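We did not get these values from a lab; they are worked out from the coordinates using the rules stated. Treat the numbers as computed from the prediction; the structure is a model and nothing was measured. When we count neighbours, we look across all protein chains shown, and the Cβ atoms used for this are built from the backbone with ideal geometry, even at glycine.
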Amino acid sequence: MTLLDRVRSCADYNCEEFYPLLVDGNRVGQVSARNVGNLTDFKSIFEFNRAEIHLRKNIRGFRHRSSAMREVAEKLSSRGLISGWRNELYPVAHKFGVPAIFDIERAAVPFFGFRGYGVHINGWVKVGDDVHMWIGRRSYTKPTGAGELDQIVAGGLPSGINVMDNVIKECQEEANIDALMAKQAVPVGTVSYKTKRKEGLRNDVLFNYDLCLPLDFKPINMDGEVEEFMLWPISKVLREVAKEGVFKFNSALVIIDFLVRHGFIESDCPGYTEIISGLHC
């Protein structure tokens, strides 16, 4: 496998396989054709118009919409169509930075193809003249990517918290990085993708940060979501991230972005321009 293969694996998306979900005429989600039939029991909530799904116009306001969507999500979960319920709410909006039109359980986001957001922190260390990176192995009980490799810290962006505050929270929970150190994390852009997964459409934007850690720092997981941490030389990171099924699919993109930005993937690498363009959809 190659780095380009890893990027392409996160671009398994064909718009013709999905029905847009609209609220007040604005598309906020995309439901796979195979799942549309599972929504026909909710005709008091959704209106089906040609090849579109509309939230009914009488369902208005943040609270009313959130309540209606929770009802749908809970029933779909009880039927086994949504798994990994987390009791964590995600905001749904027309675009980032505007008020949410409703909240929904995190596990339901891919089913409806809503845009999700997360934070990923590359924890790196300078060892002499060489760069090393802290790698976390995800807990074997995680609902997604169990046992796969990840950044030192990564997490979704739930309702009611801004991006930097979420970085600080996740750093403490996942690696015992205190707030003073977490605030040194440098925002370095985003990675985005649309890809078909068993849970639905992953339509995500990841806010990426680089955090240079002291050589004597040792991460300690505090929330049970990480099995172990490993400090790898960047040469091993580069080798392992190209392999299939080693890193979690989206964490691999964040690693590749780091490697490009820091010059560890050079411009004569096969597929270089496609790799870079593929990190942003």
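Run the simple label-point estimate for ALA179 and LEU215 please: 7 Å along Cα→C-beta, distance reported in nm.
Output for this residue pair reads 3.1 nm.
What's the Cα-based Rg to Rh of the stretch 69-129, Rh via Kirkwood? Display every interim value, and only then the final one.
Values: Rg = 16.4 Å, Rh = 13.6 Å.
That ratio equals 1.21.
With a cut-off of 8 Å between alpha carbons and a minimum separation of six or more residues, what is the relative contact order of the stretch 163-281 in percent?
Value for the stretch 163-281: 25 percent.
Could you pull out the trypsin sites (Lys or Arg not before Pro) across the stretch 87-151 that fall in loop regions by DSSP (anything but H, G, I, E, B) with no more than 10 other Cβ atoms inside 10 Å?
Of the trypsin sites (Lys or Arg not before Pro), the ones in loops of the stretch 87-151 whose Cβ has at most 10 other Cβ atoms within 10 Å are LYS95.
What percent do you get for the relative contact order of the chain when only Cα pairs under 8 Å and 6+ apart count?
22
Once the Cα gyration tensor of the chain is found, what semi-axes does its equivalent ellipsoid get, as square roots of 5 times the eigenvalues, in whole Å, sorted largest first? Numbers along the way, then the final one.
Working: eigenvalues 246, 86, 51 Å².
So the three semi-axes of the chain are 35, 21, 16 Å.
On a C-alpha basis, how far is the centre of the stretch 97-158 from the centre of the stretch 160-195 in Å? Whole number, if you could?
Centre-to-centre distance over Cα atoms comes out at 9 Å.
Please compute the modelled spin-label separation between VAL186 and GLU88, points set 7 Å along Cα→Cβ, answer in nm with one decimal.
So the label points at GLU88 and VAL186 sit 2.8 nm apart.
In nm, to one decimal, how far is the modelled label at ALA33 from the one at VAL127, with both set 7 Å along Cα→Cβ?
Taking the simple label geometry, ALA33 and VAL127 are separated by 5.0 nm.
Just to confirm the filter: which GluC sites (Glu not before Pro) across the stretch 215-247 are DSSP coil and have at most 16 other Cβ within 10 angstrom of their Cβ?
GLU244
How would you classify the stretch 12-118 from its alpha-carbon gyration tensor, with a ≥ b ≥ c the square roots of the eigenvalues: rounded for a/c under 1.5, else prolate if a/b is greater than b/c, otherwise oblate?
Judged from the Cα gyration tensor, the stretch 12-118 comes out rounded (a/c under 1.5).
If you restrict to DSSP beta bridges whose two residues both lie in the chain, what percentage is antiparallel, to the nearest 5?
Antiparallel bridges make up about 75 percent of those DSSP assigns within the chain.
Between LEU81 and GLU228, what's the calculated FRET efficiency when r is the beta-carbon distance and R0 is 45 Å? Round to 0.05. Write out the running numbers ahead of the final one.
Working: r = 33 Å, r/R0 = 0.74.
The computed FRET efficiency comes out at 0.85.
What FRET efficiency comes out for the pair ARG70/LEU22, r = Cβ-Cβ distance, R0 = 22 Å, nearest 0.05?
The computed FRET efficiency comes out at 0.70.
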